1. Projecting each Cα onto the charge dipole of region 2-141 (Lys/Arg +1, Asp/Glu -1 at the beta carbon, about the Cα centre), which of F20, L34, C80 comes out farthest on the positive side?
2. Counting other Cβ atoms within 10 Å, which chymotrypsin sites (Phe, Trp or Tyr not before Pro) in region 14-110 have at most 12 and lie in a DSSP loop?
3. Between D132 and E21, what is 0.36 nm times their sequence separation minus the Cα-Cα distance? Round to one decimal in nm.
4. Write out the GluC sites (Glu not before Pro) in region 1-88 meeting two conditions: DSSP loop, and at most 14 other Cβ atoms within 10 Å of their Cβ.
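Nothing in this text is a laboratory measurement; each read-out follows from the coordinates by a stated rule. These numbers come from a predicted model, not from an experiment. FYI the Cβ positions are ideal-geometry reconstructions off the backbone, even for glycines, and counts take in every protein chain you see.
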Amino acid sequence: MYTSYVLIANLDAKEDELQFEHFRLRKIQTRGDLNDAQALFGRMAHFCDWIYERDYSSIPELHLGGYGSIPWHVDDALLCFRLFKVGDIAFVAQVIKGPEDETARRYPHRIMSAMSTNVPYHFTQAECPDWDNLSEGLPSCQGNRSDAPREPYLFNPMAPPAG
């Protein structure tokens, strides 16, 4: 199993977890949550940040950069959040964990950013079905378009965290 994780900043929700059709978002709120997040993202992770988590039984089609269309699913999700409503949600970093617990961090690029404004992105669990409906109707940024020029996203294999 492969799992895609994204560190998210500037999200505000009353719930501690938001469940979508293909992924979930969970808030970093306990010391254990923070330790788990920092094992993936280092000191970029803070209390009240959120973690996007999506599981894959295998790497989806479009085998560029070793992780198929997984990186583009993240880009598509961010685009959909920004189209869904006003607010400045920030996807800070992405890590993919493989079936042997190997991890790889996505190199920085134009979509990921730790910078955000003071306009939080407010969201509720009740909005998740509407978000899912919108995302189903949007064409993919890259992941599902056979005619799009494709360049692989680069990932850096990560050393195990220092004990």
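1. So the residue we want is L34.
2. Details: sites: F20, F23, F41, F47, W50, Y52, Y56, Y67, W72, F81, F84, F91; in loops: F20, F23, F47, Y67.
Loop-located and lightly packed - F47.
3. Working: separation 111, 0.36 × 111 = 39.96 nm, distance 0.65 nm.
Once the chain is fully extended between D132 and E21, it gains 39.3 nm.
4. On the way: sites: E15, E17, E21, E53, E61; in loops: E15, E21, E61.
Here the sparse-neighbourhood loop sites are E15, E21, E61.
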